[in-house]
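Below: the structure, in structure tokens.
Laboratory data are not the source of any read-out in this text; all were calculated from the coordinates shown. Quick caveat, the model's predicted, so the values are computed rather than measured. Here the Cβ positions follow ideal geometry from the backbone for every residue, glycine too, while neighbour counts run over all protein chains shown.
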Amino acid sequence: MPNVVIVNVKKRYGDIVALDGVSLEIRDREYVCIIGPSGSGKSTLLKVIAGIIKPDEGKVFIDGVPVDKIPIENRRLGLVLQDILLFPHMTLWDNTTYSPVVRGLNYNLVREKGLTALSLVEIDIPLEILPNELSRGAQQKIALARALAADAKLLLLDEPLGSIDARTARSLRYELRRIVKSLGLTAIHVTHNQEEAMSIADRIIVMRKGKVEQIGTPLELYTNPRTPFVCRFIGGEANFFEGKVIGRNGKSTIVALSNGSKLEIYDPKNLNGKVVIAIRPEHIVMSVNENEVNDDINVLEGHIAEVHFLGSYIRYVVNTNEGELIVKVPRNKIIFKEGDRVYLHVKHAYLFRYPEEGLEKAIAYE
């Protein structure tokens, strides 16, 4: 089974840098998702691995073998795209068995591989019908079966669930992982859907501006983001402030915000000077009772500006003297109203060295 090693891969389109010296390793039997904003280079990287795009510089190794001179049809990979691209004039069976047929396998082998692939995707529909008679979800299952019937050991998935309705996509994402793990395949899955990546990936590659920003498990990326951008991107929202280190308390650093509020933040890096503080909305406890606040540190005071009901939680926008904060509270908690005076107790925050390009550019998606 293949591992994939990418060494200093670069790709430009005129003045646009699509990949800027990308190096990483994807392990044998691993399910890896690549996420990032539009234009971050994630689909370009997948197409370089597939052999669809030739890099300007760098090497791709599959199972230790450089593949720059190996054509796509000989790389033993399966490619599943958002645009499903089944052959519209072929039946579902002919689509599924296309690869073993063109490879000249005998009838019994073709039948075995086709039936095995279809059983893995758990599809039970007449196989003599054409693709346009199916839902998008069922078509994508046939596309996946076609890749599996090709004896692919490496699956490359480029937004495979992007054109499917949300309910079907949620179900199919878990089927994808089940199939990959049951067959011991290696899978590289590009997606714009962060929830999709967090729920099925062994590791996630976060890309930005053609570079790898961070690689880690979903839990590692959420609990230990290395940059302000990753902190903002993983989880969807975060509150950012500029501050200055004014002291220490054991392994924690005490930071003063612009209007005098103080936060004590766990800081193994022992940062000094100007810093960036990031607070996730779910790491803030909100109260209307001043008596519940028994500390003059890690507490901000404000008024509720907006209330948004979002199913399992309620999202609040709170105006404080340090600026606007977003707070997320489970819906079974007390519901605050617009205009309520509240106290915000910051339970956890992240501390980063102040970026050279400035905070706004450091967390921008483009």
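Annotations for the structure displayed:
- Antiparallel DSSP beta bridges within region 1-160, as percent of all bridges there, nearest 5: 75 percent
- Residue exposure sequence - 87, 240, 233 - by fewest surrounding Cβ within 10 Å: 87, 240, 233
- Net charge dipole, the chain: roughly 860 debye, given to the nearest 20, about the Cα centre with Cβ charges of +1 for Lys and Arg and -1 for Asp and Glu.
- Counted by neighbouring Cβ atoms within 10 Å, the residues 27, 232, 331 run from fewest to most as 331, 27, 232.
- ³J(HN,Hα), Karplus 6.51/-1.76/1.60, whole Hz, each residue of region 17-34, x for Gly, Pro: 8, 7, 9, 10, x, 7, 9, 6, 10, 10, 7, 4, 6, 8, 9, 10, 10, 10
- Helical content alone sets the calculated 222 nm signal of the chain at -6500 deg cm²/dmol, taking -39,500 (n - 2.57) per DSSP H segment of four or more residues and averaging over every residue.
- Region 335-360 and region 196-210: distance between their alpha carbon centers, rounded to Å: 25 Å
- Pairs exceeding 31 Å between alpha-carbon atoms, taken from 209/274; 69/211; 251/328; 209/333; 59/251: 209/333; 59/251.
- As a rough footprinting exposure proxy, the listed residues 296, 56 were ranked by other beta carbons within 10 Å of their own, and the order from fewest upward is 296, 56.
- For region 107-199: rounded, prolate or oblate by the Cα gyration tensor [a/c cutoff 1.5]: oblate
- The antiparallel fraction among DSSP beta bridges confined to the chain stands at about 80%.
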